[in-house]
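One structure is given here, and the rest of the page talks about it.
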Amino acid sequence: MSFGEALHTVTDRASPWHDNHNETWYGWLNPAASAGHAAGEYTLGPSREVERGMAEHEAYLLWERYQKMLKEKREKEEEKRRREEEEKKKKEAK
């Protein structure tokens with residue numbers, strides 16, 4: 001699942017189309033369902049403010065979690081690369 005799809009799921013709850021429940025969304029795998037989903041959101045009016053604020057907060061938390069995961073992955077990859085370089089230098093020194 002991409003970050004965009006996860007963000008869509010988190011922020012969609014503010015839409016009156018969902019009425020405080022999480023409707024299953026199949027992403028772009030089902031274009032007809034996606035088009036109907038979007039049309040329903042646009043025709044049912046603006047989001048409710050409280051739910052919108054909650055969705056924004058959840059989106060922020062999701063973004064923070066995503067960034068943390070990326071940072072941890074980068075750090076692991078950098079550590080692995082550093083160890084491999086050290087081993088290579090040791091072998092070359094022999």
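A short reminder: the numbers here are calculations on the coordinates, not readings from a lab. Treat the numbers as computed from the prediction; the structure is a model and nothing was measured. No Cβ is skipped: glycine too gets one built from the backbone with ideal geometry, and neighbour counts run over all protein chains shown.
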At a Cα cut-off below 20 Å, give the lysines reachable from LYS71, other chains included and same-chain residues fewer than 8 away excluded. LYS80
What ranking do 56-63, 72-79, 87-94 get when scored by the average of other Cβ atoms within 10 Å per residue, highest first? 56-63, 72-79, 87-94
